[in-house]
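Scroll down for the structure; my scribbles are underneath it.
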Amino acid sequence: MEGAPPSGSWDALVHEVVDELDPDERASMREWAASAKPSARNREALLDRIAAARFAHAAAEALVRWIPEARTLDAGTARLEARLDGRVVRREARLAPVPLKRSAWSAVREAGTAEGMARARRAVADARAAARRDARADFVGTVGRVSDLLRSLPDLERGEVLEDAVRRLANPTSSLRKLEKQIRQRALRAHMGERTEELRQASPDIRVVDLGGGVRFEAERDVALAAGGESFHLRLVARVHGGEYERAFLTGTPEEAASLIEPAIRAELDRLETGAREIAVAIDRFVGERVERPLYDLRNLRRIVKEELQRADQGEPEDVLERIRQRTRKLDFEAREREHVRRMVHERHLVAYKEYFPEARSLGRELTLFVGPTNSGKTFLALNELVQGDSGVYLAPLRLLALEGQDEILRRGKDASFITGEERDIREGARFTASTIEMLDPRRSYDCAVIDEVQLLTDDDRGWAWCQAMVGVPARRVYMTGSADSIPLVQALAEYLEEPLEIVPLERFTPLVPIEHAVRLGEIEPGTAVIAFSRRDVLTLKAILERRFTVSVIYGNLTPEVRREEARRFREGESQILVSTDAIAMGLNLPIRTIVFSTLEKWNGKDDVELTPAEILQIAGRAGRFGKHEEGFAGSFRPGDVRRIAKVLSPSYRLADRPLETRVRPAADHIALIAAGLETDSLARTLDAFQRGMTFDSPLLRPGVTDDMVLLAGITDRWPGVDLAVRLALCTTPVDTRNPSLVGSFEAWMSSFARNRPVRLRPLGRWIEDERTPGQEELRDAEIEAKRLTAYAWLSFRWPAVFPDLNECQYQRGLLDRYIERGLARTRHHRRCVECGRELPPRSHNPTCKICQSKSARGKR
């Protein structure tokens, strides 16, 4: 061609195609070629256009339309014919497009030559012939299967279905597959029961499941496996379904159906068993990798593995491993953090807890443990030893005991200060201190120290304070008091500290006698303490007993001053009966003759749990105070508890030793190091990592982060600008996290703290001056307000610039104390039976319920 570009180039190809196109198509082709890039893909498109143009030139117009779009062939139509129940069925069918083979496409590409054109035509003809053959075979096969299914139908249905089948087979738009399926479903409905029974006879292991229009065949196999240290049986269920199995089930003999279905099910069972054994090996490997990690939570890992293996039948075997992987991701993350924390603390030499207290280590301390039951004079002897030195500290578990300790030191002729988290009574020149144990200052040295109730080393929430005191109090002589079950732990800690320990056993001064029958309310006498374990039960019992006695009450929500006043009233005889929670268990010096338990169960914050023998002894031991009574008595309102109390109070009964572990609360050094290692500003995450990963140089020591600390730390994390060590101190604020109102106050205070803005106390409401008797809700609100003030006072002693209203706080606490005392003195509750304690009807004038009246009447007869 004149002026044509060089052969083989992009422009040459474009020129060749454009020349061979119809005039109407040349303009659009030139426009496309001008914008297209000369790539391999576009070159292929050009070649397709060239082939199409050559077919057009060779009068093969029918092929031009399909060559550029896809390498398939329009196969056209075919006349299909078959016999159904003696009748000839004809169908004019549109054939599906036929994909051309590679060789046929090559022939089409070369159709510009005579030989190429011949090859292309042969390829097209062969493809269309094959499509017609396949269509005829498929039609004949479908008609044959429909014929078999028709023969399986009942006579009454067969004629109607045959006419419909002939009509639909002849209709080119009707689906053959749908027709066959519908006839098969009718046959299944007609013969499901009898065919199922026949197949069961031929192959008992195959189970037939009616799918309501279809049928599935199942078989089971039990496989014994072992994985992750667990042995278990896995029931494998193989399932097969489909048209070929359904046709054999319906139209063949039972033996023919079984011969087709059994091998398929057996192959599926083999596949499932092979997969299950492979999964068991994979689970073994998965668990084994984690067992080798010393800080992995193996208990929870094994629990997860066991649970997933027990539900292994629910799905494919490979699903088990995936579920285990999903559920152990958190354990994997926690293990990595533990390992990271352990590595860091070892590198920084923070594992030796005893070395945190260099002052204590330098003194060559001597340890003495006064051990014995309640009312054996342990604290009395320890305080006598305390005042022999020039200085000393008495560490108590409760504010009331610290107050008693201050009084006892003063009574022995030594001046003493008093310190708790919310109160100070600092006496100038005093060289002795009585304080709650959390207020120990390990930097101040003493001649002597007394650690009261040392068995609380094992307390989950406060044990860290006893551990800190025993390990770190800087005193040459350290006296401890505790029950006999604490001896092994104290001995083990003394060995860890490499300090000498003397154990001084003591006996109870007065005998403690169990009451052999269930105590009735009507049998209560003055000098009795009734023990309940909820505020509601304490106030209810108070209301019942106030009909005959004056009553004092002590429970946890009361302010310390109210508790002290209530204890004083009972001690000095102003009240005859004390109703209390187990708050009196920790050594309060009260003239109790008899302890009566309303129950031996208490709520631990999550569940109702039985009192431990140690708790029963600790509470019951308050009875029979030496110097007041010659013997003490302990009993219960419930007949079922009488035997248990008698067993625990038996002279031959020995308490089980306490666990050989105690808690350690994180220090600022721990927190700074762990936070830096985790590259986080979050105190909550750091505390969590400390709890999971911190280790010490003794197996006796365990991390002691509480849930309350983590919750408050999460609040302080909203202000990351506050120093991490300061946030650590803030998260130990005494906030009752079960009360949303108190948590909300802490959040508001933290907002001001972070901005260095003073937190001012709002005045109490006018209700505080109301002379009317507070109701139940008002009393509860006052107790919550008192807790809020307690937390404020705690913060004020540490950050007075931000919490400046300490004097106002103490004034408001005094108002609340008087308000609560007034409420306790006057509040009345639902009347209850004086015999059994059941609630009485509002208008009942009888002091006993109908059940007790009936029992009394029968007794008189």
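Restricting to region 388-401, name every residue that is assigned to a helix (DSSP H, G or I) and touching a Leu at 6+ places or on another chain (Cβ under 8 Å).
400, 401
For region 436-454, give me each residue that is outside any strand (DSSP E or B) and open to solvent by 10 Å² or more (accessible area, probe 1.4 Å).
Hits for region 436-454 are 438, 439, 440, 441, 442, 443, 444, 445, 453.
Exactly one condition in (1) modelled with pLDDT of 90 or more; (2) within 23 Å of residue 453 (Cα to Cα) is not met by residue 575; state its number.
Against the list (1) modelled with pLDDT of 90 or more; (2) within 23 Å of residue 453 (Cα to Cα), residue 575 comes up short only on (2).
Given the criterion within 30 Å of residue 340 (Cα to Cα), surrounded by fewer than 19 Cβ atoms within 10 Å (Cβ to Cβ) and modelled with pLDDT of 90 or more, identify the matching residue among 697, 681.
One residue alone meets the criteria, 681.
Any residue that is free of Cβ contacts under 8 Å to residues at least 12 places away in the same chain and surrounded by 13 or more Cβ atoms within 10 Å (Cβ to Cβ) - is there at least one of those in region 343-354?
no
Which pairs turn up if I take residues in region 120-144 that are closer than 15 Å to residue 172 by Cβ and in contact (Cβ under 8 Å) with a residue 12 or more places away in the chain and look for partners that are open to solvent by 70 Å² or more (accessible area, probe 1.4 Å) and in a helix (DSSP H, G or I) with beta carbon separation below 9 Å, at least 6 apart in sequence or on another chain?
Going by the 9 Å Cβ cut-off, the qualifying pairs are 142/177.
A quick yes/no check of all residues on (1) open to solvent by less than 50 Å² (accessible area, probe 1.4 Å); (2) more than 28 Å from residue 535 (Cβ to Cβ); (3) modelled with pLDDT of 90 or more:
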| site | (1), (2), (3) |
| --- | --- |
| 781 | no, no, no |
| 789 | yes, no, yes |
| 809 | yes, no, yes |
| 823 | yes, no, no |
| 835 | no, no, no |
| 858 | no, yes, no |
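Identify all residues within region 418-430 that are outside any loop (DSSP other than H, G, I, E, B) and not aliphatic (A, V, I, L, M); write none if there are none.
Within region 418-430, 418, 424, 425 qualify.
In the set 332, 270, which member is open to solvent by less than 70 Å² (accessible area, probe 1.4 Å), acidic (Asp, Glu) and in a helix (DSSP H, G or I)?
332
Residue under question is residue 529, and the condition is that it be over 30 Å from residue 729 (Cβ atoms), of a type in the set (A, V, I, L, M, F, W, C) and within 38 Å of the chain's Cα centre (by Cα); does it hold?
So residue 529 fails the test.
Those residues that are free of Cβ contacts under 8 Å to residues at least 60 places away in the same chain, within 30 Å of residue 472 (Cα to Cα) and assigned to a strand (DSSP E or B), I need them from region 495-552; list them, please.
Scanning region 495-552 gives no hits.
Could you please give the count of residues in region 683-719 that are farther than 12 Å from residue 666 by Cα, among the small types (Gly, Ala, Ser) and not in a helix (DSSP H, G or I)?
Matching residues across region 683-719 total 1.
Applying the selection to region 592-625, what residues are over 40 Å from the mean Cα position of the chain (by Cα) and within 18 Å of residue 532 (Cβ to Cβ)?
592, 594, 623
Name the residues in region 455-478 that are open to solvent by 40 Å² or more (accessible area, probe 1.4 Å) and either among the basic types (Lys, Arg) or out of contact with any Lys or Arg (no Cβ under 9 Å at 6 or more places or on another chain) (or both), would you?
Listed by number, the residues that qualify are 462, 476, 477.
Just to verify a result, which residue in region 356-387, among those that are of a type in the set (Ser, Thr, Tyr) and in a helix (DSSP H, G or I), is nearest to residue 560 (Cα to Cα)?
Here the residue is 379.
Hey, could you check region 524-540 for residues that are at pLDDT below 90 and open to solvent by 10 Å² or more (accessible area, probe 1.4 Å) and say which is nearest to residue 575 (Cα to Cα)?
Across region 524-540, the extreme among qualifying residues is 540.
Among (1) part of a helix (DSSP H, G or I); (2) surrounded by 24 or more Cβ atoms within 10 Å (Cβ to Cβ), there is one condition residue 433 misses while meeting the rest; what is its number?
(1)
Please verify whether residue 487 is buried (at least 17 other Cβ atoms within 10 Å of the Cβ) and of a type outside the set (Lys, Arg), treating the condition exactly as stated.
So residue 487 fits the description; yes.
Take residue 204 and tell me if it is in contact (Cβ under 8 Å) with a residue 40 or more places away in the chain and part of a loop (DSSP other than H, G, I, E, B).
For residue 204, the condition - in contact (Cβ under 8 Å) with a residue 40 or more places away in the chain and part of a loop (DSSP other than H, G, I, E, B) - is not met.
Taking the condition of being closer than 30 Å to residue 160 by Cβ, at pLDDT 80 or above and open to solvent by 30 Å² or more (accessible area, probe 1.4 Å), how many residues in region 209-225 meet it?
So the count comes out to 2.
What number of residues within region 626-637 are more than 13 Å from residue 528 (Cβ to Cβ) and surrounded by 20 or more Cβ atoms within 10 Å (Cβ to Cβ)?
0
Filter region 148-179 down to residues that are closer than 24 Å to residue 255 by Cβ and buried (at least 18 other Cβ atoms within 10 Å of the Cβ), then give me how many there are.
Counting residues in region 148-179 that are closer than 24 Å to residue 255 by Cβ and buried (at least 18 other Cβ atoms within 10 Å of the Cβ) gives 4.
Based on what the data block shows, is residue 426 among the aliphatic types (A, V, I, L, M) and either touching a helix residue (DSSP H, G or I) at 6+ places or on another chain (Cβ under 7 Å) or buried (at least 23 other Cβ atoms within 10 Å of the Cβ) (or both)?
Taking the combined requirement at face value, the residue does not satisfy it.
Quick test for you: out of 239, 285, pick the one residue that is part of a helix (DSSP H, G or I), open to solvent by 60 Å² or more (accessible area, probe 1.4 Å) and among the charged types (D, E, K, R).
285
The values are calculated or read from the model by the stated rules, or taken from the named source; none is laboratory data. As the structure is a computational prediction, the values presented were derived from the model and not from experiment. Positions of Cβ are generated from backbone atoms using ideal geometry, with glycine treated the same way; all protein chains shown enter the neighbour counts. The area values use the complete protein model at the heavy-atom level, side chains included, leaving out ligands, DNA and RNA. Shrake-Rupley method; radii C 1.70, N 1.55, O 1.52, S 1.80 Å.
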